[in-house]
Amino acid sequence: MLEATGLMVFYENMLALNNVSISCENNQIVGVFGANSAGKSTLMYTLSGIMEDIKKKEDMAGRERITVLGAIKYLGKDIMGLKPSQRARQGIILCPERRRIFPESTVLENLRIGGYLASPPQKKESLEYVFRIFPALEKIKKRVGGFLSGGEQQMLAIGRALMAQPRLLLLDEPLLGLSPLIQVLLVRSVKEIRDERGVSIIVTEQYARPVLPIVDYAFILENGANTGGAIGQP
Ligand code: ATP
């Protein structure tokens, strides 16, 4: 489904991704594990295309300091030059690190924002699904995002991504800062999403252990490179 090869990202002279190649097959959950600053978010921004926007902003400010090289094939086509919105329309949806929900909007408003590209029937169907997979969200649908607990915010962030009808869901450190109990619940939900919706998932984490039971395959990212090793069979 997705195959990225030879990804290189420079922030000025600093090499954040060094010849990284990863792939994700249909219906797979692929892990990307690495320490702080290993390049996990840089990789997710590059796959989702957000890096193109970050780069453009830098270029417009006259700084031209970000360079992105390599190839990304999605459903057999090269998507390297596509904007993040074009990639989203094709089903590549990023659930970013640290949730990034809209703190002043309610749970329901946050979810509706996620579904803005979908048709009304699709929106209705996805919303029902989000409330089925995260029943806690339905109970607090009128509360504003900023007052939710970390776990609720993460459910909302994943729920918002689901509203966009992903075919490939990119989850950037979804367990960060959450209690072990909530982590178990979220990991179970991520597996359910793959099993029930047939969504392929790439998930990054600093600590592999909580997500290992659900990944089909995992890459290790070390100082921006994934030559180090892998877990499982691709
Ligand atoms: P974390 O677990 O801390 O989120 P990460 O694995 O997601 O780490 P990245 O955020 O991708 O790592 O960062 C990789 C490296 O690139 C780090 O050394 C970081 O300081 C650097 N970096 C990230 N974004 C930028 C930027 N906009 N400008 C300059 N350097 C950056």
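Every condition in (1) acidic (Asp, Glu); (2) within 18 Å of the chain's Cα centre (by Cα); (3) surrounded by fewer than 16 Cβ atoms within 10 Å (Cβ to Cβ) holds for GLU152 except the one numbered (3). State yes or no: is ARG188 outside any loop (DSSP other than H, G, I, E, B), among the basic types (Lys, Arg) and within 21 Å of PRO103 (Cα to Cα)? So ARG188 fails the test.
Search the stretch 6-24 for residues being among the hydrophobic types (A, V, I, L, M, F, W, C) and open to solvent by less than 50 Å² (accessible area, probe 1.4 Å), and hand back the single one that is farthest from THR46 (Cα to Cα).
Per the criteria, the residue is CYS24.
Filtered by the rule that a residue be closer than 21 Å to GLU25 by Cβ and not in a loop (DSSP other than H, G, I, E, B), the stretch 145-176 gives ALA161, LEU162, LEU168, LEU169, LEU170, LEU171, ASP172. Anything in the stretch 198-209 that is more than 13 Å from the ligand (Cβ to nearest atom) and open to solvent by 80 Å² or more (accessible area, probe 1.4 Å)? List them, or say none. Within the stretch 198-209, just ARG209 meets the criteria. ILE79: farther than 22 Å from VAL184 by Cβ, at pLDDT 95 or above and surrounded by 15 or more Cβ atoms within 10 Å (Cβ to Cβ), yes or no? Against the criterion (farther than 22 Å from VAL184 by Cβ, at pLDDT 95 or above and surrounded by 15 or more Cβ atoms within 10 Å (Cβ to Cβ)), ILE79 qualifies.
Take the stretch 1-10 and flag every residue that is within 11 Å of the ligand (Cβ to nearest atom) and more than 15 Å from MET80 (Cβ to Cβ). Steps first, answer last, please.
Start the filter on the stretch 1-10 by keeping residues that are within 11 Å of the ligand (Cβ to nearest atom), which leaves 9-10.
PHE10, the sole residue that qualifies.
Consider GLU125 carefully, then state whether it is farther than 18 Å from ILE50 by Cα and free of Cβ contacts under 8 Å to residues at least 24 places away in the same chain. So GLU125 fits the description; yes. Scan the stretch 11-31 residue by residue and report those that are touching a helix residue (DSSP H, G or I) at 6+ places or on another chain (Cβ under 6 Å) and either within 10 Å of the ligand (Cβ to nearest atom) or outside any strand (DSSP E or B) (or both). Scanning the stretch 11-31 gives ALA16, LEU17.
Being touching a helix residue (DSSP H, G or I) at 6+ places or on another chain (Cβ under 8 Å), under 28 Å from ILE22 (Cα atoms) and free of Cβ contacts under 8 Å to residues at least 24 places away in the same chain holds for only one residue in GLU97, GLU138, GLU64, and it is GLU64.
Can you run down the residue pairs with Cβ atoms below 7 Å, 6 or more apart or on separate chains, where the first is in the stretch 196-207 and within 14 Å of GLY177 (Cβ to Cβ) and charged (D, E, K, R) and the partner is at pLDDT 95 or above and more than 11 Å from the ligand (Cβ to nearest atom)? Matching pairs, first to second residue: GLU205/GLY31; GLU205/LEU175; GLU205/VAL211. Restricting the stretch 40-67 to residues that are within 29 Å of ILE220 (Cα to Cα) and small (Gly, Ala, Ser) leaves a set whose member that is farthest from the ligand (Cβ to nearest atom) is GLY49.
The values are calculated or read from the model by the stated rules, or taken from the named source; none is laboratory data. Because the structure is predicted, anything quoted here is derived from the model rather than measured. Here Cβ is always computed from backbone atoms with ideal geometry, including for glycine, and neighbour counts include all displayed protein chains. Surface areas here come from the heavy atoms of the whole protein model, side chains and all, with no ligands, DNA or RNA. Shrake-Rupley method; radii C 1.70, N 1.55, O 1.52, S 1.80 Å.
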